[in-house]
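Visitor: The following block contains the structure, expressed as structure tokens.
The values are calculated or read from the model by the stated rules, or taken from the named source; none is laboratory data. The structure presented is a predicted model; accordingly, all values stated were derived computationally and were not measured. No Cβ is skipped: glycine too gets one built from the backbone with ideal geometry, and neighbour counts run over all protein chains shown. Remember, those area values only see protein heavy atoms, side chains included, never the ligands or the DNA or RNA. Shrake-Rupley method; radii C 1.70, N 1.55, O 1.52, S 1.80 Å.
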Amino acid sequence: MTPISRRRALQLSLAGAVAAPAVLRITSARAAEFDLKVANNSPVTHPLTIYMIKAADGVRQETGGKVDIKVFPNNQLGGDTDMLSQLRSGALEFFSLSPLILATLVPAAAISGVGFAWSSYDKLWPAMDGELGAHVRDRISKAGLFAFDNIWENGFRQTTSSTRPILTPDDFKGFKIRVPPSPMWTSMFKAFDAAPMTINFAEVYSALQTRIAEGQENPLALIDAAKLYEVQKHLSKTNHMWDGFWLLANGKIWRGLPDDVRTVIAKHFNAQALAQREETLKRNISTEKDLTARGLTFHNVDPKAFQAKLQSAGFYKEWKGKFGDDAWALLEKHTGPIS
């Protein structure tokens, strides 16, 4: 076989060959040309990890093993802030992160998590796959990172507690609630007169177990996968924020990969992101019965009362000012009037 240079290892043709999908033609078992890592903060049983593994397997198969992406789930490489630092330095090639935590670096990313903004997925996905998502990805690129087109699903977040159910905004007063390291999370719960505590997800279970925090908030699928039901008693269906995972790449490393490699990686990870959305939604719907059987007591709440509290506290006015009128207009184009 004609020797293949590193630069053309995954080009679509060999010298003198008829045009064909060369990536598929490289079938010999050889050491990977590109060894890459992707990390997340989710348990191995969570759909984020499961479908990341499927995407990595698809890339490996299509490239005949020339591109090997290893998946490191469940904070194996550190907490969210640690892994974001690794991504920025180039020690980690890919990392999935909540938009609201990413906002510590890219403030515009938090706009998808405005409290009580979204009423349904029919409004959410057209925004995130359309102009609002494009606006955020543009800001991410200016920070030296690359964001894949399709954001991954986490879900609408619910509030759990080991002490008392949260039924009205007043129940939040003085409530010690764990929040991720994100200005918007802290701002929202302070507007409810709660006592938000910034704790990385890797330490959430122990913080709840030792009662450092009374409660936390996460989508049902993650509450189940992380076994938080073991250290919580009540779950209030607040649906207070939607959250996802931007799959990010170190911008310099991403641009340095051959075009063919980028095309294959993007194809598989974007496709599996869509599949992961469907699976996570199914789990978030079906998990309520499982969590009830495991001891969590579910409580319904009136979201309008919570939204009114945020309005009176100036939360929406504050964040509209931070995001700017143009970005806020992109949000309200899909959510309807918020502020």
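Visitor: Kindly provide the helix-only [θ] at 222 nm of the chain, computed as the sum of -39,500 (n - 2.57) over DSSP H runs of four or more divided by all residues, to the nearest 500 deg cm²/dmol?
Guide: -13000 deg cm²/dmol
Visitor: Calculate how steeply helix 80-89 sits against the longest principal axis of the alpha-carbon atoms of the chain, using the helix alpha-carbon long axis, and give the answer as 0 to 90 degrees to the nearest 10.
Guide: Tilt of helix 80-89: around 30 degrees.
Visitor: If you plug each phi of the range 259-274 into the Karplus form 6.51 cos²θ - 1.76 cosθ + 1.60 with θ = phi - 60°, what whole-Hz ³J(HN,Hα) values come out, in order, with x for Gly and Pro?
Guide: 3, 5, 5, 4, 4, 5, 4, 4, 4, 6, 6, 5, 5, 6, 4, 5
Visitor: If amide H atoms are built 1.01 Å from N in the plane of the peptide, which residues on other chains or at least 5 residues away come under 5 Å of the amide H of Ser42?
Guide: When sequence neighbours closer than 5 places are left aside, the close amide H contacts are Asn74, Asn75.
Visitor: Using amide H atoms built 1.01 Å from N in the peptide plane, name the residues 5+ places from Ile166, or on other chains, whose amide H lies under 5 Å from its own.
Guide: Excluding prolines and chain starts, which carry no amide H, the hits are Ser236.
Visitor: Between Glu230 and Glu203, what is the spin-label point distance in nm, taking each point 7 Å from the Cα along the Cα→C-beta axis?
Guide: So the label points at Glu230 and Glu203 sit 2.0 nm apart.
Visitor: What residues qualify as long-range amide H neighbours of Val301, i.e. H under 5 Å apart, gap of 5 or more or another chain, H built at 1.01 Å from N?
Guide: Amide H neighbours of Val301: Lys237.
Visitor: Another question about this same structure. Most mobile of Leu235, Leu167, Leu97 per a Gaussian network model of the chain (Cα springs, under 10 Å)?
Guide: The residue with the greatest mean-square fluctuation here is Leu167.
Visitor: Would you mind getting me the FRET efficiency between Gln311 and Ala32? Use the beta-carbon distance for r and R0 = 35 Å, nearest 0.05.
Guide: The formula returns an efficiency of 0.05 here.
Visitor: Per residue of the range 155-162, in order, report the coupling 6.51 cos²θ - 1.76 cosθ + 1.60 (Karplus, θ = phi - 60°) as ³J(HN,Hα) in whole Hz, putting x for Gly and Pro.
Guide: Taking θ as phi minus 60°, the curve returns x, 6, 8, 10, 9, 10, 8, 9 Hz for the range 155-162.
Visitor: Okay, moving on. How much length, in nm to one decimal, is gained on full extension between Arg211 and Glu332, taken as 0.36 nm per residue of separation minus their Cα-Cα distance?
Guide: Here the segment from Arg211 to Glu332 would lengthen by 39.7 nm.
Visitor: Another one. Got a number for the accessible area of Met52? Probe 1.4 Å, square angstrom, nearest 10.
Guide: We get 0 Å² for Met52.
Visitor: Moving on to the next point. Which distance in nm do the two modelled labels at Ala293 and Ser141 give, with both placed 7 Å along the Cα-to-Cβ direction?
Guide: Here the answer is 4.7 nm between the modelled labels.
Visitor: Relative to the longest principal axis of the chain, what angle (0 to 90°, nearest 10) does the C-alpha long axis of helix 47-62 take?
Guide: 10
Visitor: Springs between alpha-carbon atoms under 10 Å, Gaussian network over the chain: tell me which of Ile285, Ile50, Ile151 tops the mean-square fluctuations.
Guide: Answer for the Gaussian network model of the chain: Ile285.
Visitor: Something else about it: Please tell me the relative contact order of the range 220-339 in percent, rounded to the nearest whole number, where contacts are Cα pairs under 8 Å and at least six residues apart.
Guide: Averaging sequence separation for qualifying contacts and normalising by length gives 44 percent for the range 220-339.
Visitor: Could you tell me how many cubic angstrom of Cα convex hull volume the range 57-119 has per residue?
Guide: Convex hull volume per residue, Cα atoms: 136 Å³.
Visitor: Leaving out ligands, DNA and RNA but keeping every protein chain, what accessible area does Phe146 have, in Å² rounded to the nearest 10, with a 1.4 Å probe?
Guide: 60
Visitor: Further question: With r as the distance between the Cβ atoms of Ala195 and Lys237 and R0 = 22 Å, compute the FRET efficiency 1/(1 + (r/R0)^6) and round to 0.05.
Guide: The calculated FRET efficiency here is 0.50.
Visitor: Further question on the same structure: Using a Gaussian network model of the chain whose springs link C-alpha atoms within less than 10 Å, name the residue from Asp193, Asp326, Asp68 with the highest mean-square fluctuation.
Guide: Asp326
Visitor: Tell me, what ³J(HN,Hα) does each residue in the range 186-194 have, in order and in whole Hz, if you take phi through Karplus 6.51 cos²θ - 1.76 cosθ + 1.60 with θ = phi - 60° and put x for Gly and Pro?
Guide: Listing the rounded values in order: 4, 4, 5, 6, 5, 5, 8, 6, 7 Hz.
Visitor: To the nearest Å, what is the center-to-center distance of the range 113-178 and the range 284-339, using C-alpha atoms only?
Guide: Result: 8 Å between the Cα centres.
Visitor: Using alpha carbons only, how many degrees (0 to 90, rounded to 10) separate the axis of helix 131-142 from the longest principal axis of the chain?
Guide: 70
Visitor: In nm², what is the average projected area of the convex hull enclosing the Cα atoms of the range 93-232?
Guide: Over all viewing directions, the range 93-232 projects a mean Cα-hull area of 8.7 nm².
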